[in-house]
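Here, each number is a calculation from the coordinates, and none is a lab measurement. Computed from a predicted structure; not experimentally measured. Every residue, glycine as well, gets a Cβ built from its backbone with ideal geometry; the counts of neighbours run over all protein chains shown.
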Amino acid sequence: MKFMVCPQCGILNFFIKNDKGERLNVKVTRELLIIPIDESKSLEGFDQSIVFCLGCSWYGNVNQLKKYSIS
Ligand SMILES: [Zn+2]
């Protein structure tokens, strides 16, 4: 599976937040689907309109992700 990478630092680990400020670590597929890294977790209640990079200060909508990893 191909995953989108951060436009600023190039890693593929992101997180999203819910209204309590809790974080959920996710990856974004080539099809721009957000999936939890821990498959036992649910996306329910988390705001999927903004993803935050785990490696740098970048955050934005998944539609702003243009590159993906080939691995
Ligand atoms: Zn980054």
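A simple count of charges around residue 18, restricted to other residues whose Cβ falls under 10 Å of its Cβ and scoring Lys, Arg +1 and Asp, Glu -1, yields -1. What you get for the chain, charging only the Cβ of Lys and Arg (+1) and of Asp and Glu (-1), is a dipole of about 300 debye around the Cα centre.
Note on the chain: dipole from Cβ charges, positive end direction compared against 1, 68, 58; the farthest Cα belongs to 68. Taking all Cα pairs closer than 8 Å and separated by 6 or more residues, the relative contact order of the chain comes to 39 percent. In loop segments of the chain as defined by DSSP, the trypsin sites (Lys or Arg not before Pro) with at most 14 further C-beta atoms inside 10 Å of their C-beta are 2, 20, 30, 41, 66, 67. Across the options 24, 14, 36, the greatest Cα extent toward the positive end of the charge dipole of the chain (unit charges at beta carbon of Lys, Arg, Asp, Glu) belongs to 14. Spin-label model, residue 18 to residue 63: label points 7 Å out along the Cα-to-beta-carbon direction sit 2.6 nm apart. In this structure, the amide hydrogen of residue 55, modeled 1.01 Å from its nitrogen in the peptide plane, lies closer than 5 angstrom to no residue at least 5 positions away or on a different chain.
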